[in-house]
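Novice: After the structure tokens below, expect a handful of questions from me.
The values are calculated or read from the model by the stated rules, or taken from the named source; none is laboratory data. These numbers were taken from a predicted model, which means no experiment stands behind them. Here the Cβ positions follow ideal geometry from the backbone for every residue, glycine too, while neighbour counts run over all protein chains shown.
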Amino acid sequence: MTMSPAPPAGPARTNGHVSHWYAADGLPAPRPALDGDLDVDVALVGGGYTALWTAYYLKKAEPALRIAVLEKEFAGFGASGRNGGWLTAALPGQFRRYAAAHGRPAAVAMQRAMFATVDEVVAVAAEEGIEADVRKDGELHVAVGAVQEQRMLAHLPELREEGWGEEDMLRLGPGELADRVRVAGARGALWTPHCARIHPARLVRGLAATVERLGVTVHEGTEVLDIRPGAAVCRGGTVSARHVLRATEGFTAGLRGQRRTWVPMNSSMIVTAPLDRAVRDEIGWHGAEVLGDGAHAYCYAQRTADDRIAIGGRGVPYRFGSHVDSRGETHTSTQRQLAELLGRLFPAAAGAPIDHAWSGVLGVPRDWCATVQYDPATGLGAAGGYVGHGVATANLAGRTLRDLVLGRDTELTRLPWVGRKVRGWEPEPLRWLGIRGLYVAYRAADRRESGGLGRTSLIAHAADLLGGR
Ligand SMILES: Cc1cc2nc3c(=O)[nH]c(=O)nc-3n(C[C@H](O)[C@H](O)[C@H](O)COP(=O)(O)OP(=O)(O)OC[C@H]3O[C@@H](n4cnc5c(N)ncnc54)[C@H](O)[C@@H]3O)c2cc1C
């Protein structure tokens with residue numbers, strides 16, 4: 001049965017309120033804020049995946065360590081409670097090129113570490129009884145149109161060079177893709193097994209409960225005002241600690257002295273109401289593969305455990321002065337763009353009611369490459385800048401920070417992203433002009449390519465060059 005395309009649905013029933021991922025279970029009950037000075041061994045600033053994984057692995061390795069997590073709002077308020085739920089081993093292009101510049105063994109080691117990280121998260125979630133709708137059905141990169149297909153094919157030798165074997169990726173023709181999911185205009189896809197679909201908020205909520213059970217103290221409603229060797233200065237008191245680790249990703253620009261370290265890049269999502277049986281059958285997406293396209297302003301989607309489609313992309317990519325939204329409110333024009341995209345990719349879902357729209361920030365360094373840093377002399381460390389790939393990467397960062405803090409020389413501490421230094425972003429208004437210009441260019445390039453250009457638009461090449469991507 002073929003259904004005629006319906007106009008995109010109107011604005012979402014709920015806008016913001018952190019994210020849809022809290023709609024069913026509600027926001028977590030607040031944990032006590034810091035009230036007075038505290039002395040611990042390790043202070044973690046932020047309460048997302050990075051901080052919680054670091055706390056988890058440190059406590060497992062050295063149960064006697066006194067560890068405090070200091071979170072301004074609540075654990076999972078940031079991107080960790082708002083993301084698209086791709087627990088993916090794929091690294092962003094710029095990051096892969098950075099690793100490759102250190103030689104093939106370094107690039108392969110980095111990629112292999114990411115493959116293993118997906119399995120590590122799946123295993124720990126099962127071991128610790130974290131129920132986060134985890135299902136490892138892999139990731140589909142769908143080529144929509146001829147130009148995306150050309151780019152996908154051109155990408156394959158690069159991936160092989162970086163250690164992707166036959167078992168790590170499978171090329172699907174249009175028919176094979178349609179057996180898994182029907183995407184309008186698709187010319188085929190690349191499938192990799194190295195990805196799981198997760199429920200973001202349940203993962204972060206479960207992690208917070210797990211580290212508390214292990215003896216980590218989580219202070220919520222506790223804003224860190226300043227980080228210095230030996231101390232995290234908070235509104236409610238000063239936390240003295242031999243090791244102070246910054247895990248604030250997209251919010252880092254709000255900390256003293258960090259305004260230009262990583263820009264807060266915005267990403268927005270919508271989720272449909274649970275889809276009718278007829279619509280689901282028409283789309284045929286019965287597995288839990290996550291799905292993205294090959295556009296320059298790419299999208300990412302998951303089929304949720306309760307049969308909705310959640311789809312995201314860059315709406316308003318960046319706010320002047322590195323400002324961040326508070327609770328995820330999303331502009332109606334962004335909601336409309338995402339609903340139109342949903343209808344273009346899955347015509348049967350066009351017009352499906354949109355239950356929720358929300359946004360969040362992720363951290364982007366000037367060279368678009370993530371990092372883990374630790375200075376044994378000062379005890380200061382940080383991890384982040386994952387450029388939208390932080391769900392799995394934060395786990396690898398957590399294990400790496402554990403080894404660095406404990407003074408261990410391991411395979412993880414020798415990975416090429418450890419200890420790298422990056423220049424800061426340009427001052428405003430250059431930063432705003434540059435980033436907004438970049439995304440205007442990517443959208444123009446996508447329009448030209450889908451309008452029949454027949455090759456990757458020169459506008460996209462120029463934008464990559466100017467943006468340092
Ligand atoms: C809409 C969206 C979709 C995404 N989709 C994906 C995806 O599908 N797959 C993927 O791999 N990645 C995705 N990402 C990126 C990924 O979610 C993040 O990289 C990752 O969650 C970062 O975790 P984190 O712990 O480092 O930071 P966060 O989860 O952002 O946590 C930082 C915490 O620090 C707190 N904080 C800020 N300032 C202070 C302060 N001064 N004092 C104390 N606490 C402070 C914040 O409240 C926040 O809770 C997405 C991001 C967004 C926004």
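Novice: For region 1-100, which fully contained strands (runs of 3 or more DSSP E) count at least 2 residues that are acidic (Asp, Glu)?
Specialist: 38-45
Novice: Go over the candidates Trp425, Trp417 one by one and state the one that is in contact with a helix residue (DSSP H, G or I) (Cβ under 6 Å, 6 or more places away or on another chain), more than 18 Å from Asp293 (Cβ to Cβ) and among the aromatic types (Phe, Trp, Tyr).
Specialist: Matching residue, one of Trp425, Trp417: Trp425.
Novice: Can you name the number of the only condition in (1) more than 22 Å from Ala132 (Cβ to Cβ); (2) out of contact with any Ser or Thr (no Cβ under 9 Å at 6 or more places or on another chain) that Arg205 fails?
Specialist: In the conditions (1) more than 22 Å from Ala132 (Cβ to Cβ); (2) out of contact with any Ser or Thr (no Cβ under 9 Å at 6 or more places or on another chain), Arg205 misses (1) alone.
Novice: Which condition from (1) in contact (Cβ under 8 Å) with a residue 24 or more places away in the chain; (2) in contact with a Leu (Cβ under 9 Å, 6 or more places away or on another chain); (3) exposed (fewer than 14 other Cβ atoms within 10 Å of the Cβ) is the one that Asp168 breaks?
Specialist: (3)
Novice: A follow-up question, please. Can you find a residue that is within 19 Å of Gly84 (Cα to Cα) and either part of a helix (DSSP H, G or I) or of a type in the set (Val, Ile, Thr) (or both) anywhere in region 159-176?
Specialist: no
Novice: OK, next. Name the residue that is farthest from the ligand (Cβ to nearest atom), counting only residues in region 381-410 that are in contact (Cβ under 8 Å) with a residue 24 or more places away in the chain and among the hydroxyl-bearing types (Ser, Thr, Tyr).
Specialist: Thr400
Novice: Kindly establish whether Ala305 is of a type in the set (A, V, I, L, M), surrounded by fewer than 22 Cβ atoms within 10 Å (Cβ to Cβ) and within 17 Å of His20 (Cα to Cα).
Specialist: Answer is yes for this residue.
Novice: Given region 231-287, what strands (runs of 3 or more DSSP E) lie entirely inside it while holding 1 or more residues that are among the charged types (D, E, K, R) and within 16 Å of the ligand (Cβ to nearest atom)?
Specialist: 237-246
Novice: Taking region 442-469, which residues are over 22 Å from the mean Cα position of the chain (by Cα), free of Cβ contacts under 8 Å to residues at least 40 places away in the same chain and in a helix (DSSP H, G or I)?
Specialist: Ala444, Arg447, Arg448, Leu458, Ile459, His461, Ala462, Leu465, Leu466
Novice: If we keep just the residues of region 318-328 that are assigned to a loop (DSSP other than H, G, I, E, B) and in contact with a helix residue (DSSP H, G or I) (Cβ under 7 Å, 6 or more places away or on another chain), which is surrounded by the most Cβ atoms within 10 Å (Cβ to Cβ)?
Specialist: Looking at the filtered set, the residue picked out is Tyr318.
Novice: So which of Thr456, Thr393 ends up being surrounded by fewer than 21 Cβ atoms within 10 Å (Cβ to Cβ) and hydroxyl-bearing (Ser, Thr, Tyr)?
Specialist: Thr456
Novice: Test each condition in (1) in a loop (DSSP other than H, G, I, E, B); (2) modelled with pLDDT of 95 or more; (3) within 22 Å of Met152 (Cβ to Cβ) for Ala295 and report the one that comes out false.
Specialist: (2)
Novice: Here are Arg402, Arg414: which of them is at pLDDT 90 or above, in a helix (DSSP H, G or I) and either over 20 Å from the mean Cα position of the chain (by Cα) or acidic (Asp, Glu) (or both)?
Specialist: Arg402
Matching residues to (1) in contact with a helix residue (DSSP H, G or I) (Cβ under 9 Å, 6 or more places away or on another chain); (2) in contact (Cβ under 8 Å) with a residue 24 or more places away in the chain; (3) under 14 Å from Thr248 (Cα atoms):
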site: Val316; (1), (2), (3): yes, yes, no
site: Thr330; (1), (2), (3): yes, yes, no
site: Ser333; (1), (2), (3): no, no, no
site: Glu340; (1), (2), (3): no, yes, no
site: Ala349; (1), (2), (3): yes, yes, no
site: His356; (1), (2), (3): yes, yes, no
site: Ala377; (1), (2), (3): no, no, no
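Novice: Still on this structure: Can you pull out every residue in region 9-28 that is within 24 Å of Leu70 (Cα to Cα), more than 16 Å from the ligand (Cβ to nearest atom) and either among the aliphatic types (A, V, I, L, M) or in contact (Cβ under 8 Å) with a residue 60 or more places away in the chain (or both)?
Specialist: Asp25
Residue by residue, here is whether (1) closer than 16 Å to Ile283 by Cβ; (2) modelled with pLDDT of 95 or more; (3) more than 25 Å from the chain's Cα centre (by Cα) holds:
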residue	(1), (2), (3)
Arg151	no, no, no
Glu162	no, no, no
Gly165	no, no, no
Asp168	no, yes, no
Gly173	no, yes, yes
Arg180	yes, yes, no
Ala189	yes, yes, no
Pro193	no, yes, no
